[in-house]
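Accompanying notes for the structure given below.
The values are calculated or read from the model by the stated rules, or taken from the named source; none is laboratory data. What you are looking at is a predicted structure, and each value in this text was computed from that prediction instead of being measured. Quick reminder, even Gly has a Cβ in these numbers, built from the backbone with ideal geometry, and neighbours come from all protein chains shown.
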């Protein structure tokens, strides 16, 4: 199967193609050397040309959005589910096992059903392979899977910053504090008063303080036992800047933390530990699948601080999904993706 996929286009469908993550998936799939879009489904926008919904996608302007029909989606070899939380499970159950699935929602990320029900207030549909290739041991599991749960956007930035420090024994897993600023596209495309331009511009506001849904995901992926996450809505369309503060253990300091990050990401195509003295900027990752990291010592509080910048629609959603799909299909992991951002 893998040998065949390496020499022919792979038919791809996108459910939720009318949303922000869906639009980014459309852009990436259209530019991918091995993927061919066969179905773009947008439930509420079905029947509309893509040019009306995503005017930036001029090469796909005449394609018409289809209804979210499992029979149509089953025409593909792989389906991206870019749907609201809770909507993927029913579609997944209706698709044949031969169709590979990447879910960008939260339905299948958590292993503990009780924790899922507590945070998402709905029944747990099951657990799929977690889709973060840079996590130790995860890449071969993704490559062997037919069902993959994509990471959450705040979660991937925090996990990339935190996981190597905990794995190396540099940081205390019981003392982790994360403040994570996100662009407004992370809230989806549905109209909401608090996301209006006049409400967001020149303003910062926290949300879901003390109970954010990505907390159990970060803990599950990193081994952190106590974690405080404060998400902040920032006046920018896209991007995430996660600031992760940890307590060092056994006298570990800045050098040990930097060594742990450098060792973890030395061969990673999309994760870059910046040279000392440089700080991550969300603008530097826009339009890419990149993550930029830097580590600092807080000498007053005796803490280590790791800052991670990503594009929430790239490494935090669609780019990450394509990276997972490449592994699942036996393609080059970097196919159709770039670590180079767009500026200014």
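Some observations on this one:
- Which numbered condition residue 211 misses (of (1) surrounded by 15 or more Cβ atoms within 10 Å (Cβ to Cβ); (2) farther than 23 Å from residue 294 by Cβ; (3) at pLDDT below 95): (1)
- Condition broken by residue 224, with the remaining ones in (1) in a helix (DSSP H, G or I); (2) modelled with pLDDT of 95 or more satisfied: (1)
- Restricting the range 201-241 to residues that are farther than 26 Å from residue 173 by Cα and free of Cβ contacts under 8 Å to residues at least 40 places away in the same chain, the residue that is farthest from the chain's Cα centre (by Cα) is 202.
- Residues in the range 50-67 that are under 16 Å from residue 25 (Cβ atoms) and either buried (at least 16 other Cβ atoms within 10 Å of the Cβ) or not assigned by TED's automatic domain parsing to the domain that holds residue 25 (or both): 50, 53, 54, 57, 60, 63, 65, 66.
- Search result, residues across the range 117-145 that are outside any helix (DSSP H, G or I) and under 12 Å from residue 327 (Cβ atoms): 129, 131, 132, 133, 134, 145
- Condition broken by residue 114, with the remaining ones in (1) part of a helix (DSSP H, G or I); (2) at pLDDT below 95 satisfied: (2)
- Scoring residue 47 on the criteria (1) surrounded by fewer than 15 Cβ atoms within 10 Å (Cβ to Cβ); (2) in a strand (DSSP E or B) leaves a single failure, condition (2).
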